[in-house]
Amino acid sequence: MSKDSKMRATINQKLTEMGERERLKELLRSKLTECGWRDQLKAHCKDVIKEKGLEHVTVEDLVVEITPKGRVLVPDSVKKELLQRIRAFLAQHAT
Amino acid sequence: MKMEDMSLSGLDNTKLEALAQDIYSDLVEDACLGLCFEVHRAVKQGYFFLDDTDQESMKDFEIVDQPGVDIFGQVYNQWKNKECVCPNCNRSIAASRFAPHLEKCLGMGRNSSRIANRRIASSNNMNNKSESDQEDNDDVNDNDWSYGSEKKAKKRKSDKNPNSPRRSKSVKHKNGELSNSVNADPYKYNYNTGINYETLGPDELRSLLTTQCGVISEHTKKMCTRSQRCPQHTDEQRRAVRVFLLGPSESSLPDADTMVESDCYDASDGQVLMSRLQWDGSSDISPSDSASSKASTNNSDSKKPKKKKTTSLGLNSTGGGGGGSGSGGGSSSQSSLVGLSNRKKKPKLPVPPAPSIYDNLN
C-alpha cells in the first residue's frame, strides 16, 4: 500500500511539475463555462443566498451547498474528455 | 514471473484508473471552490445582484405581444396617414413625403435647383418667354403634385422635333445658307447624336445625303451625321442608304471632290443633275448596279409624278442634255464614270452627251 501511495505521490508531483495539472484545470474551467455549468451553479447560489440572507452568508455555507450539486451537474462529455487526458498522462509517465 | 507481471500490471491498471478518477474529482472540486469564492466575494462586496433588474423595471419593460404593435408597444405606421401643412406653399402633404417636398419647395435640396432650371428651360422653349413666376415654378418643381405636368413637359419636348418651325425645310443650298442648315439640324438631334430618317421628307433627305454620310445604324436606326468621307462607313453603305431612302434612281453619291460639291451649292444645280444623269447613263451600263440600272431604265422611259423627277425634268431642260428623267446622284469618282461608260452593254442614253457633260464639268 505504501508503494501505491508512493507511486501516487510521485505521479501527482510529476503532474504539477510538468504543468499538466494547470493545463487540465484551465481546460476544465473553460469547458464548464462553455456548457453553462457555471451559470447554473450561480443561479443555485442566488437561491441559497436569498434563503440564508445576504448578510450572513459564509464561504462554508456556499461550499456545502454548491459542491455536491456541482459534481453532479458536470456533463458527461466533459468528464470523459478529462479522464481521457489524465489516463494518457498516466500511461506516459507512470512507472 | 510473467504471471506476476501481468497481475501486477492488472492491478496497476485498476490503480491507475482509480488514480485517474481521483485526479479528476480533485480538479472538479477545485473548480467548484473557485466559483464559491467568487460568489462569496461578490456578495460581500455587494455586486452580486447588480446584473439583475429590479421588479418594477421588469414590469415596465416587459415584452409586448399584441397585434398591431411591436414588442416595445409602439405602433409602426403611426405617422403614415397624417398630413402636414407646408409653411411655404400652404398645401397639405403626406407626412412621409413632407421632407422631400420641403426640399423642392424651399429650393434647398440637392436636386432642387437642377429640376427648377430644367423646368424653366423647357417652359421657355415652349412659350418663348419666361412667364413662369415663382409660384408656378414651385408648382412645377413639386414632384408630389405634378406628375402629370412632368409627363406633359416631356411629351412637349419630344413633340418639338418633327413639328417645330425651326426644322429646316428643303432649301437650295448656297454658300451663305450652309451655316443655317447646320444650325437648324442640331435641333433635330436634340438628345440624339444622329437623325431619324423617318421624320424627314424626301427633299430634306436628299439635302442631308449630299452633305453627310447618312448611313443608317443598325442599332439605333439613325443616320450617320459625319462627313461623306467618314471612316466608319464605306461608300457601298452610303450608296445603299441612298437607294433605300431616296429610291433606286437616286442611288448615286455626290462626288467627294470639291469641284462637284461646289457645284452642289452653286446656282448651277443643273450641273449636278447632269452629273447625276451621267451616272444614270453609266449605271445602265454597269453590271454591278443591276437593280439600279433596271430601275433607272424604267425611270428614263416613263415620267414619274414624284417631285424629284419633275424638278430634274425642269433642270433637264435648262441643262439641255441627257435623255432620261432619272435623277441619280453624281458619280463616286470621275474615273469610275469613264470606266463604266466604256462598257456599252445597253446604251439607252446617247453617248455624245457624256463627253459634253464632261466638258462642262472640266
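Couplings 3J(HN,Hα) for region A:23-39, derived from phi with the Karplus relation 6.51 cos²θ - 1.76 cosθ + 1.60 (θ = phi - 60°), are 4, 5, 4, 4, 4, 5, 4, 5, 5, 5, 5, 4, 7, x, 5, 4, 5 Hz, where x marks Gly and Pro. Among the listed pairs A:Lys3/A:Lys80; A:Lys3/A:Lys79; A:Lys25/A:Lys69, a Cα-Cα separation exceeding 26 Å is found for A:Lys3/A:Lys80; A:Lys3/A:Lys79.
Cβ crowding within 10 Å ranks B:His219, A:His44 as B:His219, A:His44, fewest other Cβ atoms first. Exposure proxy for B:Phe37, B:Phe72: other Cβ atoms within 10 Å of each Cβ, ordered fewest to most, give B:Phe72, B:Phe37.
Remark: spin-label model distance B:Asp30-A:Leu54 equals 3.4 nm, labels positioned 7 Å along the Cα→Cβ axis. The Rg/Rh ratio of region B:194-237, with Rg taken over Cα atoms and Rh as the Kirkwood radius over Cα pairs, comes to 0.94. Counted by neighbouring Cβ atoms within 10 Å, the residues B:Asp70, B:Asp235 run from fewest to most as B:Asp70, B:Asp235. Remark: relative contact order (chain A) = 38 percent; criterion is Cα-Cα distance under 8 angstrom and separation of 6 or more residues.
Taking amide H positions as modeled 1.01 Å from N, with prolines and chain starts lacking one, the residues under 5 Å from B:Val215 and 5 or more places away or on another chain are B:Cys224.
Here, each number is a calculation from the coordinates, and none is a lab measurement. Because the structure is a prediction, the values reported are computed rather than measured. For neighbour counting, all protein chains shown are included, and Cβ atoms are generated from backbone atoms with ideal geometry for every residue, glycine included.
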